[in-house]
Amino acid sequence: MQFSDLLIPEFLQLFLSSSYEILRMISEGTGSTKGALTCEQLSEFVLPLPPLIEQKQIISSLNKSKINIDKLIKVTVKIIELLGERRTALITAAVTGQIRIKK
């Protein structure tokens with residue numbers, strides 16, 4: 001059996017990326033001043049290995065979610081920019097006397 005029969009590299013990359021904080025805690029928990037993972041620590045780290053079809057489904061689902069999240073980020077950035085412009089315009093209008101602010 002070959003590596004490609006068991007694991008899709010993109011699945012491994014996504015799993016390791018999602019495990020970053022855990023791996024970092026493991027590397028820093030050794031007590032040394034250099035935070036690094038040892039081969040022994042990595043060998044003890046459990047990697048889920050679903051069937052290839054399931055790995056493909058997970059990758060596809062995560063990619064779709066990423067696309068949706070990226071769209072939401074773009075919309076949010078535009079809204080923040082627009083609100084900033086409106087805030088500036090409101091302050092300018094208040095300072096120049098174009099609107100009255102009740103005390």
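Throughout, read-outs are computed from the coordinates displayed, never taken from laboratory work. Values in this document were obtained by computation on a predicted structure and should not be read as measured data. Please note: Cβ atoms are built from the backbone with ideal geometry, for glycine as well, and neighbour counts cover all protein chains shown.
Phi-derived couplings, Karplus 6.51 cos²θ - 1.76 cosθ + 1.60 at θ = phi - 60°, listed residue by residue for segment 44-52: 8, 6, 7, 10, x, 10, x, x, 3 Hz, with x used for Gly and Pro.
Between 0 and 90 degrees, the angle of helix 9-18 with respect to the longest Cα principal axis of the chain falls at about 60 degrees. Shape of the chain from its Cα gyration tensor (a ≥ b ≥ c, root eigenvalues): rounded if a/c is under 1.5, otherwise prolate when a/b > b/c, or oblate? Oblate shape, in that a/c is at least 1.5 and b/c is the bigger or equal ratio.
Helical content alone sets the calculated 222 nm signal of the chain at -22500 deg cm²/dmol, taking -39,500 (n - 2.57) per DSSP H segment of four or more residues and averaging over every residue.
Using a simple charge model, +1 on the beta-carbon of Lys and Arg, -1 on the beta-carbon of Asp and Glu, nothing else, what dipole does the chain show about its Cα centre, in debye to the nearest 20?
Numbers: 13 positive and 10 negative charges, 257 e Å.
The dipole of the chain has a size of about 1240 debye.
This model, with +1 at the C-beta of Lys and Arg and -1 at the C-beta of Asp and Glu, gives segment 51-103 a dipole about its Cα centre of some 340 debye. For the chain, what number of Lys pairs, 8 or more residues apart or on separate chains, have alpha-carbon atoms under 25 Å from each other? Value for the chain: 7.
Between residue 39 and residue 5, the C-beta separation translates, for a Förster distance of 22 Å, into a calculated FRET efficiency of about 0.35.
Farthest toward the positive end of the dipole of the chain, out of 14, 25, 65, is the Cα of 65, where the dipole comes from beta carbon charges about the Cα centre. The Cβ shell under 15 Å around residue 59 holds other residues with a net charge of +1, Lys and Arg each +1, Asp and Glu each -1.
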